[in-house]
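Following: one structure in structure tokens, then a few remarks.
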Amino acid sequence: MIDVKNAYISFITLQKVGHKIREEANIFAQEILPVDEKKEEELVPFLLAPFRKTLDPYRFYHYTDKLEFNVLHNAAISVFDEEVDFVDFSNDTLSHLYEKSLHPQIKSGEVFMVLFENMMFEEIPCRGIGIYKLENKKKFLRFDESNGIDYNIWKGYKLEGIDKACLILDVYREEGFRVFSIDDQHQESEYWKKNFLEIEMIKNNSYHTKKVLELIQDFSNEVVLDKTDRKNQAEFISNSIQVLQNNDFISPDIIEEEIIKPFELIDEFKDFKKTYAEERKVDFVENFEVSFPTLAKESKKIKTEIKLDTNISIKIDIKDPDAAEEHLERGYDEEKKMYYYKVFFNKED
């Protein structure tokens, strides 16, 4: 979705954000950093590589539904419209990040802020603002050959992997831009999206596909498994994914008739979906077009593995919903007083 192959750095600053509760001070930018050709060749791939992957698009929002109250949304407009000096923008943004760094486990770290030129999004030429926070330094050896050979142990960052970052693209302004976020998925990192950026996912076909798949997976864990067993749960998930793969458009009728009805859990599903939507604040639409890239990506995260207390596991391929039903039997052995699975196959690989 994001084309960055011809992107280059227009402005870049470097600061350090402290921690408000621990009273760790910020180090603010004094000027735009000079970037020569060699540095840019190393920095640009490092800064933009995370955004070459398929990421969920977000937009700025505010709980009052008034975008003008979103701090970074306003700041981004000022930068893109060249109404503010980039150093001033960087320092104001650093202060905003500092004010949101309240969780005791949040780390201080170096922060790059970058204005990129010559990007493309959905074939729309645009600029982008990148905000990068580096938190986890590692020790490395640095060798000195000025007088024989010697070494020092330093701490720094590898030019691979970024702890937290966001990329703000100057498209769809009236909707809150398009924002892509990277974080390390730790619990305390929720402040990055919720408190610092204040962004929400774009409710497109990718969003609806992902949310329905999450609903089905949670329903299988909390209801299907509770009422049946691991084998039936695996069949339920496999069948659900197969139904989504076989239909370009999904409606409530398709979900109920092809996914839920074979397991005779329609009433339970309706109650579960209603509670799920209320508690998690998910907006389910009546009909949507399946996003097959999202379906493929999210399906890989689902595990349909039956783990037994005898240190044996049975892995079921979610791409073949009929495999478990046709080639796997579950029973109970009265003599051993144990449950068992019987697996049918033609040959071993």
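The values are calculated or read from the model by the stated rules, or taken from the named source; none is laboratory data. Keep in mind that this is a model prediction, so the values were computed, not measured. As a convention, Cβ positions derive from the backbone with ideal geometry for all residues, glycine included, and neighbour counts pool all protein chains shown. The accessibility values were calculated without ligands, DNA or RNA, using every heavy atom of the protein model including side chains. Shrake-Rupley method; radii C 1.70, N 1.55, O 1.52, S 1.80 Å.
What to note about this one:
- Efficiency of FRET from Cβ geometry, residue 66 and residue 37, R₀ 35 Å, rounded to 0.05: 0.20
- Computed from Cα atoms, the angle from the helix 86-99 axis to the main principal axis of the chain rounds to 50 degrees.
- With the cut-off at under 15 Å, measuring from each backbone N in the stretch 262-299 to a point 7 Å along the Cα-to-Cβ line of residue 203 picks out 277-289.
- For residue 137, a cut-off of 17 angstrom between C-alpha atoms picks up these aspartates and glutamates, skipping any fewer than 8 places away in its own chain: 110, 160, 163, 183, 184.
- The stretch 195-349 - convex hull of alpha carbons, volume per residue in Å³: 169
- Probe 1.4 Å, all protein chains present, accessible-area order of 120, 201, 113, 338, largest first: 338, 120, 201, 113
- Debye intensity ratio I(q)/I(0), log10, the stretch 43-84, q values 0.21 Å⁻¹ (C-alpha model): -0.85
- You can think of it this way: the chain between residue 266 and residue 160 has 33.4 nm of extra reach, that is 0.36 nm per residue less the Cα-Cα gap.
- Rolled with a 1.4 Å probe across the full set of protein chains, the surface gives residue 22 an accessible area near 100 Å².
- Only protein heavy atoms count here; on that basis, with a 1.4 Å probe, residue 258 has an accessible area of about 80 Å².
- Accessible area in the full protein assembly, largest first, 1.4 Å probe, for 192, 154: 154, 192
- A 1.4 Å probe, protein heavy atoms only, puts the accessible area of residue 289 near 80 Å².
- Farthest toward positive dipole pole in the stretch 94-246 [+1 Lys/Arg, -1 Asp/Glu at C-beta], among 118, 234, 104: 104
- In terms of Cα atoms, the Rg and Dmax of the stretch 178-231 work out to 15.6, 43 Å.
- Accessible surface comparison of 261, 53, probe 1.4 Å, protein chains only, largest first: the order is 53, 261.
- Remark: the chain carries a charge dipole of roughly 1040 debye about the Cα centre, counting +1 on each Lys and Arg Cβ and -1 on each Asp and Glu Cβ.
- Remark: spin-label model distance residue 345-residue 256 equals 4.1 nm, labels positioned 7 Å along the Cα→Cβ axis.
- Spin-label zone in the stretch 84-127 - amide nitrogen under 20 Å from a point set 7 Å from the Cα of residue 21 along the C-beta vector: 95-110
- Potential lengthening of the chain between residue 292 and residue 280 amounts to 1.9 nm, from the contour at 0.36 nm per residue minus the alpha-carbon distance.
- Qualifying trypsin sites (Lys or Arg not before Pro) in the stretch 210-300, DSSP loop, other Cβ atoms within 10 Å at most 11: 281, 300
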